[in-house]
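Mind having a look at this structure? Questions to follow.
The values are calculated or read from the model by the stated rules, or taken from the named source; none is laboratory data. Remember, predicted model here, so these are calculated numbers, not experimental data. With ideal geometry, Cβ positions are generated from the backbone for all residues, glycine too; neighbour counts draw on all protein chains shown. Calculation scope for accessible area: heavy atoms of the full protein, side chains included, ligands and nucleic acids excluded. Shrake-Rupley method; radii C 1.70, N 1.55, O 1.52, S 1.80 Å.
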Amino acid sequence: MNEILLAAAGLIVAAVAVGLARILRGPADVDRLMAVQLLGTGGIAALLLTAYATAVPGVDDVALGLALLAAFATMAFLNHLDAGEGGAEL
């Protein structure tokens, strides 16, 4: 069962890698924003699957910390988009 969970975590990390490529080469800002959300969500999912499969203490705490940082990263990205369009900063 643990091998299946680790394989699922590996597939999620592969999807996150595709999302990272989308951030770097994305044509539209909305696509890049969705890719940033994918990075946060996929990273959290991969960490939680790894924590459950390996029973290493503290990995789930790292996943919760990443969840908090992902929300702030999204807000920073939106602020950057508004500043680039000449809009008011949040």
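Please report the relative contact order for the chain, taking Cα pairs under 8 Å with a sequence separation of at least 6, and give it as a percent rounded to a whole number. Present the calculation step by step, with values, prior to reporting the outcome.
Values: 83 pairs, mean separation 25.6, N = 90.
Dividing the mean separation by the residue count of the chain yields 28 percent.
Points 7 angstrom from Cα along the Cβ direction at ALA15 and VAL59: gap in nanometres?
1.8
Here's something else I'd like to know. Starting from the chain, pick out the GluC sites (Glu not before Pro) whose DSSP state is loop and whose Cβ has at most 13 other Cβ atoms within 10 Å.
On the way: sites: GLU3, GLU85, GLU89; in loops: GLU85, GLU89.
Taking the chain and a limit of 13 other Cβ atoms within 10 Å, the loop GluC sites (Glu not before Pro) found are GLU85, GLU89.
How much accessible area per residue does the chain have, in Å², with a 1.4 Å probe?
Values: 5970 Å² over 90 residues.
The answer is 66 Å² per residue.
Could you give the length gained by full extension between TYR52 and ASP82, i.e. 0.36 nm per residue of separation minus their alpha carbon distance, to one decimal place?
6.9 nm
Compute and list, largest first, the equivalent-ellipsoid semi-axes of the stretch 25-71 from the alpha carbon gyration tensor, each √(5λ) rounded to a whole angstrom.
Gyration-tensor ellipsoid for the stretch 25-71: 26, 10, 5 Å.
Which residue fluctuates the most in the chain, going by a Gaussian network model with Cα springs under 10 Å, if the choices are ALA67, ALA46, ALA55?
In this elastic network of the chain, the residue with the biggest mean-square fluctuation among ALA67, ALA46, ALA55 is ALA55.
Roll a 1.4 angstrom probe over the protein heavy atoms and tell me the percent of accessible area of the stretch 2-84 that is carbon or sulfur.
Result for the stretch 2-84: 74 percent of the exposed heavy-atom area is carbon or sulfur.
Kirkwood Rh over alpha-carbon pairs of the chain, then Stokes-Einstein at 20 °C and 1.002 mPa s: what D in µm² s⁻¹, rounded to an integer?
For these conditions, the coefficient is 151 µm²/s.
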